[in-house]
Amino acid sequence: MTADAETAPLPKITAEEPPPLPTPPPVKRSLISRLGDLPMRVIYRGVASALAVLAVVTAGVVFFATGSHKGTPSAAGPTGGEPLATLPAPSSGASEAPPVSAEPSALSASGASSMPSLSASGASSVPSVSGSAAVVPSVPASASGPSEVSAQGSASPVPTPGSSALATAQADPRVPPLPADRKLADFRGRAAPAKGRVKDRRSGVTFTRFTKAWKLTKSSPFSTRRTLPAVKGAGHRALLASCPVPIAVQEDLKDTAFLAARWTLNYHPVGSKITWTASQPIKAGKQKGWLLGYRVSYKAGGKKHVSTAAVALVEVSSSKPALVFITIPDAQKKRWADINTVMSSVRAL
C-alpha cells in the first residue's frame, strides 16, 4: 500500500482593491435648464400669477393717470369747490370799488353765476347771470373811483362764415371800399333791340330780353346766360347772366352786392381790378334791391383794357337774393348802353 503524500496548503490570494476615484465637482446648471425639471403645473401657476400682477399694475397706472387729468383745470372753468369770484371786503371810508377777478366758468352757458354789486355802505346784491354775457359789477354814482373788472374767460364774438367772407373781401387789394351812394351813369349810344322778358324762376327775377346781338349760351353755373360775339384782343366776352347769389349772404344787402361784384372778377382776365362808378338802392317792382356799377381794369395781349360792368341784387322770397350781372369790354363799348337797359328793367317775379 502506498501512503498518501502530504500536500502543502495552498496560499490564500487576496486582490487589493483599487483606490477610490476622486468625486468630480457638481456641474452648475443654468436657471433655464433647471426650469425643465419643474412640473408643468408649477410653471403654469407662475405664469398666471405674473399676468395677474401685471394687470393690477396696469390698472393702477391708468387709474392714477385719469385721476390726474380730472384734477387739471379745463377751458370749461374750475371745479365746483373753487370760488367763482374773489372780492375783498371794502375798507371803511373807501370810495373805490375793489377789482374783481372772474373765472371763465362764470361766463359759461351751462350754469348761472352771480357777481355782487358794491355800494358805498358795502352792501351787496346778487343778480343772476345766464348765457355768455360778460358780468360787470354795478357801482353807484356816489362812488368816485373807477371799477376794474378782470375776466379771464370773457366771451369774444365768434366770426360767422359771412362776416369772415366780408372781411376777406375788404382786405382784397383788387377791390377798394365802396363809395358814397352814387347813381349809375347814362351811357351814350342806342341799346340793342329787345323783345319780351327773361324770366329766371330759379332766382326769382326777370329783366329785358335782348334779341339778335346777345346770344343764348350754356347757362351753368348761372340760371340764365347770354353773350355778345367774341372780339379778338378784348380779353374776354361780354356777358349777361342771372342766378341766386353764389356767395355768403350778409345782413346788409349792400355788403352782399359788394361780395357779388368781387366774385364777378372770376369772369375777367387774371389780375383785374375794380374801380367803383355807382352804388345806389333800387326798386325791383315791390322788392328792394342794390345796384353797383364799376369798371374792371386788366391787361390782354400786353395792352391795357377796361370793361364796364354792373350787378343788381334783389331781395326775393328765396333765402338768397337774386343776382343780375352784366359786363362789356371796351372793344364793344357801343353796347355799354345795354347796361342801363338791363339794370332799369330788373324786377322780382
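The values are calculated or read from the model by the stated rules, or taken from the named source; none is laboratory data. A quick note: this is a predicted structure, and the numbers were derived from the prediction, not measured. No Cβ is skipped: glycine too gets one built from the backbone with ideal geometry, and neighbour counts run over all protein chains shown. Protein only, heavy atoms only, side chains kept; ligands, DNA and RNA dropped before computing areas. Shrake-Rupley method; radii C 1.70, N 1.55, O 1.52, S 1.80 Å.
Specify the residue that is surrounded by the most Cβ atoms within 10 Å (Cβ to Cβ); the eligible residues are those in segment 298-327 that are part of a strand (DSSP E or B) and among the hydroxyl-bearing types (Ser, Thr, Tyr). Within segment 298-327, the match that is surrounded by the most Cβ atoms within 10 Å (Cβ to Cβ) is SER307. Among LEU240, LEU178, LEU265, which is of a type in the set (A, V, I, L, M), under 19 Å from SER307 (Cα atoms) and either part of a helix (DSSP H, G or I) or modelled with pLDDT under 95 (or both)? LEU265 is the lone residue from the list that is of a type in the set (A, V, I, L, M), under 19 Å from SER307 (Cα atoms) and either part of a helix (DSSP H, G or I) or modelled with pLDDT under 95 (or both).
If you filter segment 250-274 down to residues that are in contact with a Pro (Cβ under 7 Å, 6 or more places away or on another chain) and surrounded by fewer than 20 Cβ atoms within 10 Å (Cβ to Cβ), you find that the one that is nearest to VAL314 (Cα to Cα) is LEU253. For segment 176-192: of the residues being over 42 Å from the mean Cα position of the chain (by Cα) and over 16 Å from ILE326 (Cα atoms), which is surrounded by the most Cβ atoms within 10 Å (Cβ to Cβ)? If we take residues in segment 176-192 being over 42 Å from the mean Cα position of the chain (by Cα) and over 16 Å from ILE326 (Cα atoms), then GLY189 is surrounded by the most Cβ atoms within 10 Å (Cβ to Cβ).
The listed residues are LYS212, LYS195, LYS199, and the only one of them that is open to solvent by 70 Å² or more (accessible area, probe 1.4 Å), on the phi > 0 side of the Ramachandran plot and of a type outside the set (Val, Ile, Thr) turns out to be LYS212.
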